[in-house]
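I'd like to ask some things about the structure below.
Here, each number is a calculation from the coordinates, and none is a lab measurement. All values reported here derive from a predicted model rather than from experimental measurement. Ideal geometry is used to build each Cβ from the backbone, glycine not excepted, and the neighbour counts take in all protein chains shown.
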């Protein structure tokens, strides 16, 4: 029988129909409701003409309905393209061009005009609908036959920090394998209630969803903007025992502490390494918090490395060691393996389930080869096999768990009037891990205030690319080849005048 | 400068928002002009400008989601 992620997930939920299984800020449904909603939606998809191996755009920002529609699409062998509601027109147009998708679910008047020509499918989601018997409902689900079942489970997109987002094909095999392997390491309990506060289109969110349901626990997701107080409120209101978020969220959790979050017993940080200071803060503010740090990528179907709680103090700053089925090597520019502790390019091999970006042979040539998948991060492996990240090989870094391209910032600065030369890099920041800094050489008489520069940049780059600091320099020192001479720049910085 | 003018100045200088043209009641965070990653930095700026001690644990999104609401929150904390 071919892999079908819905069959695996729903097949693990065939008992306890009244047990809560899925929720958001406003509603929570039980297993009987999940099964009935998936059945109704799968039938609706079929009636609307959605066929196996066809793409369908699935809009996020719609709470529980999104997850039932995702499972229903998988039941009939359709391939959801999971995207955010505020997708740019340019990105939407590129999706249409690369996939020829013709149907969409979850669109409204705020959706991009590029999707106006797609056939709108009806969402049948009804939180009050419940299946009478889980086994009967499961048997009646219109699972696609094996001969029509595609390997691909859908498309998600990279952050697109250095250009248009790249399409990452998810396969049922990779999703299933990753969820099962990760689940063994994370050890969620059936009585757990897990909350994520990350966009649903992220592989991290999808992975949490699968692992949580396969563990028999209940999954809650919220995509709304939250301050710490809001996060505390939702964690307590929903009686959440497990929380998955970015390193930035972990800082929120540490600030709140056990006294304000008495039900929280488990937390998982993903997106970047967790700074030792935050680990220590969490240890101080919680007596028995089980804290996991994971390292994952959309290309690998979820997580491929995890730092278990028992190693947090000895290996603070590490992202752990590979989960079953994956191997990580660090290599020099010539492809030879690095020595222990030597920084190199990170390659992932093993049961990847990733054959390349969707219709992007140029990108695939750069990242896939005999040594595995070159994931763009740099790091080293210590004597015990633990992986430590030390940055990116392409001027990309993480700000609060989200990728930022210093090159994109430099290019945007160079496009502004009055700037003779500009360069962006990153620096450590107590709040956000790393933040961008802009170094600017002005044309005479054109110097601008930092707020005015930021206002112009906002028109060109995402919010998380706005520099935290602007530094005026007489010149940006460059080598003969035009690259920034970082050593000379460091010398100049000592005498610089900070605009802020 | 009034409290509102100070807040508009912070939003312009620190976050690059075209704050002079933002309607006082218009949402800032829930409209996507700022995101939760900016929240702690905003509170730090407000603390510094107004000489207040603001615990992030006491401020919800609703307290800072528009210029008018930030003014209300600052006035409340001052008192």
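Taking only C-alpha pairs under 8 Å that are 6+ residues apart, what is the relative contact order of chain B in percent?
Reported as a whole number, the value is 37 percent.
Most exposed first by the Cβ proxy, i.e. fewest other Cβ within 10 Å, how do A:157, A:386 rank?
A:386, A:157
What does the helix-only formula give at 222 nm for chain A: each DSSP H stretch with n ≥ 4 adding -39500 (n - 2.57), the total divided by the residues, and the result rounded to the nearest 500 deg cm²/dmol?
-9000 deg cm²/dmol
Let me ask something else about it. Over the whole of A:228-236, what's the average partner chain Cβ count within 10 Å per residue? Rounded to a whole number, please.
Partner-chain Cβ atoms within 10 Å, mean over residues of A:228-236: 4.
A further question on this structure: Compute the normalised compactness of segment A:384-483: alpha-carbon radius of gyration over 2.2 N^0.38 Å, N being the residue count.
This ratio for segment A:384-483 stands at 1.15.
Further, regarding this structure: Give me the one-decimal Kirkwood hydrodynamic radius in Å for segment A:131-184, with the sum taken over alpha-carbon pairs.
14.2
So, in nm, how far is label residue B:75 from label residue A:88 when the simple model puts each one 7 Å beyond its Cα toward the Cβ?
4.0
What is the order of A:33, A:450, fewest Cβ neighbours within 10 Å to most?
Placing the least packed residue first, the sequence is A:450, A:33.
Oh, and also: Looking at the square roots a ≥ b ≥ c of the eigenvalues of the Cα gyration tensor of segment A:304-355, which shape do they give, rounded for a/c under 1.5, prolate if a/b is larger than b/c, or oblate?
oblate
Mind listing P(r) for segment A:204-352? All alpha-carbon pairs, 5 Å bins, whole percents.
Percent of Cα pairs in each bin: 2, 9, 17, 20, 19, 15, 8, 6, 3, 1, 0.
Output needed for chain A: three equivalent-ellipsoid semi-axes, defined as square roots of 5 times the C-alpha gyration tensor eigenvalues, in descending order, whole Å.
Values for chain A, descending: 39, 26, 23 Å.
Measuring from centroid to centroid over Cα atoms, what is the spacing of segment A:1-76 and segment A:312-386 in Å?
First find each Cα centre; the distance between them is then 34 Å.
Under the classification rounded if a/c is under 1.5, otherwise prolate if a/b is larger than b/c and oblate if not, where does chain B fall, given a ≥ b ≥ c as square roots of the Cα gyration tensor eigenvalues?
Rounded.
Something else about it: Taking a ≥ b ≥ c as the square roots of the Cα gyration tensor eigenvalues, with a/c under 1.5 meaning rounded and otherwise prolate when a/b beats b/c, else oblate, which class fits segment A:216-280?
Judged from the Cα gyration tensor, segment A:216-280 comes out rounded (a/c under 1.5).
Report Rg (one decimal) and Dmax (nearest whole number) for segment A:286-405, counting Cα atoms only, units Å.
14.7, 50
Considering every residue in B:22-32, what mean count of other chain Cβ atoms within 10 Å of its Cβ is obtained?
Taking the mean over all residues of the peptide, I get 1.
While we're on this one: Given segment A:267-322, what percent of its DSSP beta bridges are antiparallel, to the nearest 5?
The answer is about 70 percent antiparallel.
If we count other beta carbons within 10 Å of each Cβ, what is the order of A:227, A:98, fewest first?
A:98, A:227
Sticking with this one: For chain A, what is the relative contact order in percent, using Cα pairs closer than 8 Å and at least 6 residues apart in sequence?
Once normalised by length, the contact order is 10 percent.
If I stretch the segment between residue A:479 and residue A:191 completely, what's the gain in nm (0.36 nm per residue apart, minus their alpha carbon distance), one decimal?
97.7 nm
With r defined as the distance between the Cβ atoms of residue A:233 and residue A:164 and R0 fixed at 22 Å, what FRET efficiency is calculated, to the nearest 0.05?
Computed FRET efficiency for residue A:233 and residue A:164 comes out at 0.05.
Calculate the mean, over all residues of peptide B:59-69, of how many other protein chain Cβ atoms lie within 10 angstrom of the residue's Cβ.
Going residue by residue through B:59-69 and averaging, the value is 3.
Also, I was wondering about something else. Ordered by packing density, taken as the mean number of other Cβ atoms within 10 Å over each peptide's residues, highest first, how do A:405-416, A:173-184 rank?
A:173-184, A:405-416
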